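Visitor: One structure coming up, written as structure tokens, with questions to follow.
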Amino acid sequence: MPIAEIIAIGTELLLGEIQDTNTRHLALRLRDAGIDLYRATLVGDNAGRISKLIQEAVQRSQIVITTGGLGPTVDDPTREAVALAAGVELEFKSELWQQIQERFKRFNRLATDNNRRQAYIPAGAIAVENPVGTAPSFIVEFPDCCVISLPGVPREMEHLLEYNVLPYLKQRFELTGTIKARVIHVSGLGESQVDEKVADLETMKNPTVGLLAHNGVVDVRVTAKASSQEEADQMIAGVVQTVLERLGDAVFGYDADTLESLCAQKLNTQNWTLAIYACGLDTELHRRLQHIALPKLIFETLEDPLEFETLKKQYSAGQQQVALFLNLKKEDSKHTLTTHLQSPTKSLEEVRAFGGPPLNAPIWAANVTLDFLRRNL
Ligand code: ATP
């Protein structure tokens, strides 16, 4: 199986001005195609540095994909950098220039001399026409590696990847396999408790099982390499079933599911509204609840812990309303969260403690609250 790496080019990425979403998209699509991705690097708009990186990459990988830096200006360095790395000159391709001019004509504009720059690609490269933008792409074949340069604009990059690059890679490397993953979301158990229950699965080679902890939620990722999507699905399903049997109702969802979406689903099914009275919490829980479809949400912040006690005693449950009273206390470096719930069917209280980094306490408190809520709706 070929090994790939990604090089995302753009000084604005290094300055933190834009987020590198192209690498994520490329990584997911390479995974789906069964290609192992070993590295992803960010580099600024500097032809020398990019070229050095490409020279290193072609020594260790069979596929190198660059994104960005193919624009028409002098500071778009990718064409020059790839040519440098390959030890060739840039070559003018009249058919690319023709395509660029035609594209401009379609939008009633004239291509400039700058755009002509985009018709130059490294000598001997395979030109890849760009039907959704002006920056053509190209593939340079090294003896044991292919360097594929794609535009930075996500829509253009995604289009060329789908319709040109992946078909090229499938043919060149005779790819028939796939890598698929399923993420099982767990709450109410700590990472070490989950680890204890699935430790033997974590030593498997295929599918692989890995844990990722998020302060109150643990993800169990099951990844399978197989020759078809169906085979991968089957391999994953077996392991998911085992994890489910071992973790029981600590499993609350899969892949894009979130604790808040599960709570919303349960509230909506029963036609209950939610009222939260929170003391000592920051905005994390409120922010997450605002991103889901709830018919009605009351969220009140209490300044004084005494108010928490008084309010929960005085509260009389509405017919269709769930009330949650939350009190997050910090003592030394430990956080304690009291969650008290009154719903049309029950009234109960729980106290949980958190000893992790204080900065993570708000995320933990939000997850613990949502876990408490989803278990008691
Ligand atoms: P074009 O000539 O079509 O502009 P380009 O290859 O020159 O393409 P860049 O100039 O590097 O691309 O980037 C153009 C825009 O694309 C950036 O301003 C940014 O909005 C977006 N972009 C670039 N790289 C990335 C990336 N890695 N992730 C997400 N967006 C990106």
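Bear in mind these aren't lab numbers, they're just calculated from the coordinates by the rules spelled out. Please read all numbers here as calculations on a predicted model, not as lab measurements. Here the Cβ positions follow ideal geometry from the backbone for every residue, glycine too, while neighbour counts run over all protein chains shown.
Visitor: Taking the Cα atoms of the range 215-260, what is the range of coordinates along each of the three principal axes, in descending order and whole Å?
Guide: Per principal axis, max minus min of the Cα coordinates gives 36, 21, 15 Å.
Visitor: Nearest 5 percent is fine: what portion of the DSSP beta bridges confined to the chain is antiparallel?
Guide: 60
Visitor: Classify the range 32-164 as rounded, prolate or oblate, taking a ≥ b ≥ c as the square roots of the eigenvalues of its Cα gyration tensor: rounded when a/c is under 1.5, otherwise prolate if a/b is larger than b/c and oblate if not.
Guide: It is prolate, given that a/c is not under 1.5 and a/b is the larger ratio.
Visitor: What's the exposure ranking of H25, H340, going from fewest to most Cβ atoms within 10 Å? Please list the in-between numbers first.
Guide: Working: H25 16, H340 22.
Taking fewest neighbouring Cβ atoms as first place, the list is H25, H340.
Visitor: Filter K266/K346; K170/K225; K313/K334; K180/K266; K105/K170; K296/K346 down to the pairs with a C-alpha to C-alpha distance above 23 Å, please.
Guide: Checking Cα-Cα distances, K313/K334; K180/K266; K105/K170 exceed 23 Å.
Visitor: Which FRET efficiency value, to the nearest 0.05, is calculated for S228 and L42 with the Förster distance at 25 angstrom and r the Cβ-Cβ distance?
Guide: It comes to 0.15.
Visitor: Within a Cβ distance under 13 Å of K266, other residues only, what is the Lys/Arg minus Asp/Glu net charge?
Guide: -1
Visitor: To continue, here is another question. Determine the equivalent ellipsoid of the range 172-290 by diagonalising the alpha-carbon gyration tensor, then write out the semi-axes as square roots of 5 times the eigenvalues, largest first, rounded to whole Å.
Guide: 33, 17, 13
Visitor: Then there's this: Using a Gaussian network model of the chain whose springs link C-alpha atoms within less than 10 Å, name the residue from I35, I50, I276 with the highest mean-square fluctuation.
Guide: Largest GNM mean-square fluctuation: I276.
Visitor: For the range 88-188, just say rounded, prolate or oblate: build the C-alpha gyration tensor, square-root its eigenvalues into a ≥ b ≥ c, call rounded for a/c under 1.5, and beyond that prolate if a/b exceeds b/c, oblate if not. Kindly include the intermediate steps, with their values, before the conclusion.
Guide: Values: a/c = 2.89, a/b = 1.63, b/c = 1.78.
It is oblate, given that a/c is not under 1.5 and a/b is not larger than b/c.
Visitor: Can you classify the range 133-180 as rounded, prolate or oblate using the Cα gyration tensor, where a ≥ b ≥ c are the square roots of its eigenvalues, rounded means a/c under 1.5, and otherwise it's prolate if a/b beats b/c and oblate if not?
Guide: Verdict is oblate for the range 133-180.
Visitor: So, in nm, how far is label K346 from label L297 when the simple model puts each one 7 Å beyond its Cα toward the Cβ?
Guide: Going from the K346 label point to the L297 one covers 2.3 nm.
Visitor: Which three extents, in angstrom, do the Cα atoms of the range 24-82 have along their principal axes, listed largest first?
Guide: In descending order, the Cα extents are 36, 23, 15 Å.
Visitor: Looking at the range 286-377, I'd like the Rg to Rh ratio, where Rg is from alpha-carbon atoms and Rh is Kirkwood's inverse mean 1/r.
Guide: A ratio of 0.95.
Visitor: Based on the Kirkwood radius over alpha-carbon pairs, what is the Stokes-Einstein translational diffusion coefficient of the range 226-337 at 10 °C with 1.306 mPa s viscosity, in µm²/s?
Guide: Answer from the Stokes-Einstein relation: 93 µm²/s.
Visitor: Could you let me know the centre-to-centre spacing of the range 98-131 and the range 231-265, using Cα atoms, in angstrom?
Guide: Between the Cα centres of the range 98-131 and the range 231-265 lies a distance of 48 Å.
Visitor: So for S149, S343, fewest C-beta neighbours within 10 Å to most, what's the order?
Guide: S343, S149
Visitor: So for D36, D20, D200, fewest C-beta neighbours within 10 Å to most, what's the order?
Guide: Numbers: D36 16, D20 20, D200 10.
Result, fewest neighbours first: D200, D36, D20.
Visitor: Tilt of helix 47-60 relative to the longest C-alpha principal axis of the chain, in degrees (0 to 90, nearest 10)?
Guide: 80
Visitor: Can you give the Kirkwood hydrodynamic radius for the range 1-102, in Å, rounded to one decimal and based on Cα pairs?
Guide: 14.6
Visitor: While we're looking at this one, here's another question. I'd like the projected area of the range 142-215, averaged over all directions, using the convex hull of its alpha carbons. Report it in nm² with one decimal.
Guide: Over every viewing direction, the Cα hull of the range 142-215 projects on average to 8.4 nm².
Visitor: Right, next: If you wrap a convex hull around the alpha carbons of the chain, what volume per residue comes out, as a whole number of Å³?
Guide: Per-residue hull volume (Cα only) is 189 Å³.
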